[in-house]
Amino acid sequence: MEIIEKYNLSPEEEKKMILREYRSLLRAIKSRLKKGDKQLVRRAFEIAAEAHQHMRRKSGEPYIFHPLAVAKIVVEEISLGVTSVICALLHDTVEDTEVTLQEIEMEFGNSCSKIVEGLTKISNVVETKNTTQQAENFKKILLTLADDPRVILIKIADRLHNMRTLGSMSRDKQLKIASETTFLYAPLANRLGLYEIKSELEDLSLKFTERDVYNEITKKLKDTKRERTKYVNEFIKPIKGALEEAGFDFEIFGRPKSVHSILNKIKTKHVAFEEVYDLFAVRIILKTDNEKADCWNAFSIITSKYQHSLERLRDWVSTPKSNGYEALHTTVMGPEGKWVEVQIRTERMNEIAEKGLAAHWKYKDGTSQESKLDDWLKHIKELLQNPDNNAMDFIQDLKLDIFTEEIYTYTPNGDMRVLPLGASALDFAFDIHSELGKNCIGAKVNYKLVPINHVLKNADQIEIITSKKQKPNDDWLKFVVTAKAKSRIKYYLKEEKRIIAEDGKATFLRKIDHLNIPNVNAHFSEIANFYKFSSPLDLFYAIAKSTFDVKEFSKLKFGNEKIIFPEEIKKEIIKEFPDVDLQKQIPNKGYELILFGESSDKIQYKLANCCQPIPGDDVFGFITSGEGLKIHRTNCPNASTLLANYGHRVVKAKWAKNKEISFLTGVKINGLDDVGIIHKITNVVSGELKMNMRSMSIDSKDGLFEGTIMVFVNHKEELNELCVRLEKLNGINKVVRLDNN
């Protein structure tokens, strides 16, 4: 665990420090200052310093350090200009102090006040008790992005500084903020082309959600640094000589991959740290105006020295990614039979890769990449303006859009459409036009007839076949992957439901009129929630289909401007907590649940099936609406969604010590199918470690075996010991903890 240094500067030292930071900001923006700009930046700094003068951060330092740091990130790491610096300095003033938007507009103009207003709206997002409200607010964030991307770029800078200083926050706040970061801000940074920031946000999130793993990988990277450097130098030597001989002006260097991407490889490829072959990438940055030709020339020089892998060639020079990223990536076989990734870029491409959207503005000349980004911003706006879009679904669908790899497909006329990997012919139809998607009955891919669920490949040419009789159905949602297709299909399905629900709504209105309950939308939602329907539409639909008995409404009463619900139904709703009032179920702020602690902990809970926590795991409690309190591991596959969107339902939790209670958990194991291998495994589990084994299933094929062992343990350390012992056996290749994803 990292140690937070106690803050102890005197007022004089603080003043000097604040001025030093301010001067450092001025130096960073010096080259962009036009006449009168310096005075504006100074004025923004003075307003912010005065407004925040009595405020402190959790670490104890004056609050003004935060806006100064955000402004510096905005200039140095995102490459924005003076307007953005002013807005970064003022980004918390309207929300946290007496400063108003009108004052900002008078001092700095309409553009600044609009950006600060956008930032203030976003800040109100995250601290809300209402889940749907929170998802709605995430949608607002994306709307501001479509209006003025600078709002979201400054917000990403703000989040980056908060993540860099997250050590001084409480554990539950750390988990919530880190999860929100992986859930929304890292994907957005990636989509806006801020690759360096995206990697740092992911690594910092990992540092707080999976501390042990993060520390382990960081330590291994540190321990292997010397041999990595030696290897990189050996690898670079022949390439460097050949490029110099060919007359290139260039930089070449090796850099380690981010901790997050290394962990991703370990998890998805089921390999150990030592087996991740591309722990680093070699990057070549060419100083040239003849970009495409020189990138390919450099590529041919590299591949004349080392054998390259055809499957691993990525050409984003001829067809840039839709976030503007341009480069050639190839993987070659280096010395000692090790695969090495090589990235070839020009200086302009490198700046766009690191500074993203802001660098685009600098190089804006109406290029296709620029219009791709503009298209994406329009695409977001179109999605957001669909009134029936469930906010939570929208965020989930959009994450798929912004985080998956892309394929490039073509219309019969040769127009290119960029779609996420795994997109179907139906996704393509919806991407062209909603009506085309709605009436799609099939497609011709490269002149061959295919069904609508046909998965497209790179460079496919698609012609959509339609029929006016076609209607969307629920099955369509199973094979479309784009947010646009999902949202339109849901919209069309709802339309049909809405027509049927109209009859139910008429019955409902007659009933509540009879009970003197005012005809107000808020009351509709309250009643629908009470009867466990996710929306009033679902309630009306159930009434129309006679699956809900309207006699239930006779138990409702209205008084003191609110609906009074019957007690007996309340008790039924909270039957999962028979001895606890629902209000008391959400513990007070700062409460920490001791798992398997003393009997004074009255709150009942269950262990989540998705991650099967055991003592020693880093965990949190989560209050579900149907199954009470559930305990999840902080690295559970669902953790980032739960923590980011339902923060108010999270309860801090830790394990009680020395409790002799067994937990069922399991390991996956594979290796060579040798005589006596099962005997060796059972000997370790039952003989050496004296563990209680519940089951073991082994399946062998072609001389290899795979299996699962379920055992009872008292603590995570016992499970780790089991994995270590089993891996030492001859013929065993890999042993990993079992997770139910």
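State the Cα centre-to-centre distance between region 662-710 and region 429-502 in whole Å. The two parts, judged by their Cα centres, are 47 Å apart.
The GluC sites (Glu not before Pro) of region 402-486 that DSSP puts in a loop, and whose beta carbon has at most 13 other beta carbons within 10 Å, are GLU405. Listed values for region 292-309 are Karplus-derived 3J(HN,Hα) couplings in whole Hz (6.51 cos²θ - 1.76 cosθ + 1.60, θ = phi - 60°), namely 4, 4, 5, 4, 5, 4, 4, 4, 5, 5, 5, 6, 7, 8, 10, 5, 10, 8, and x replaces Gly and Pro. Looking at region 219-362 alone, DSSP beta bridges between its own residues are antiparallel in about 75 percent of cases. Of the cross-linked pairs LYS606/LYS728; LYS207/LYS716; LYS690/LYS734, those separated by over 25 Å at the C-alpha level are LYS606/LYS728.
Shape of region 219-362 from the C-alpha gyration tensor: oblate (a/c of 1.5 or more and a/b not above b/c, with a ≥ b ≥ c the square roots of its eigenvalues). Taking amide H positions as modeled 1.01 Å from N, with prolines and chain starts lacking one, the residues under 5 Å from LEU595 and 5 or more places away or on another chain are LYS654, TRP655, ALA656. Taking only the C-alpha atoms of region 405-480, Rg followed by Dmax gives 11.3, 34 Å. The protection proxy used here, the mean number of other Cβ atoms lying within 10 Å of each residue, ranks peptides 169-175, 98-104, 62-68, 268-274 as follows, highest first: 62-68, 169-175, 98-104, 268-274. Normalised by the number of residues in region 413-509, the mean separation of alpha-carbon contacts (under 8 Å, six or more apart) gives a relative contact order of 28 percent. Taking trypsin sites (Lys or Arg not before Pro) across region 638-741, the ones in a DSSP loop with at most 11 further Cβ atoms lying within 10 angstrom of their Cβ are LYS657, LYS690, LYS728.
Would you please classify the overall shape of region 249-289 from the alpha carbon gyration tensor, given that a ≥ b ≥ c denote the square roots of the eigenvalues, rounded means a/c under 1.5, and beyond that prolate means a/b larger than b/c while oblate covers the rest? Note, shape of region 249-289 comes out prolate. Among the trypsin sites (Lys or Arg not before Pro) within region 444-521, those in coil by DSSP and having at most 15 neighbouring Cβ atoms inside 10 Å are LYS457, LYS468, LYS469.
Using a cut-off of 22 Å between Cα atoms, the listed pairs LYS38/LYS72; LYS494/LYS545; LYS72/LYS198; LYS155/LYS630; LYS497/LYS545 include LYS155/LYS630 as exceeding that distance. Across the cross-link table entries LYS176/LYS220; LYS321/LYS355; LYS355/LYS457; LYS237/LYS265; LYS237/LYS267, which are compared at the Cα atoms, the separations over 23 Å belong to LYS176/LYS220; LYS355/LYS457; LYS237/LYS265; LYS237/LYS267. The modelled label-to-label distance between VAL550 and LYS15, using points 7 Å beyond Cα along the C-beta direction, is 7.5 nm. Can you give the relative contact order of region 219-362 as a percent, counting alpha carbon pairs under 8 Å and 6+ residues apart? Once divided by the residue count of region 219-362, the mean separation gives 22 percent.
Quick one: if you stick a label point 7 Å off each Cα along the C-beta vector at VAL271 and LYS557, how many nm between them? Taking the simple label geometry, VAL271 and LYS557 are separated by 7.0 nm.
Every number in this text was worked out from the coordinates using simple rules, so none of it is lab data. Everything numeric in this text was worked out from a predicted model, so none of it was measured. Note that we place each Cβ from the backbone using ideal geometry, even for glycine, and neighbour counts take in every protein chain shown.
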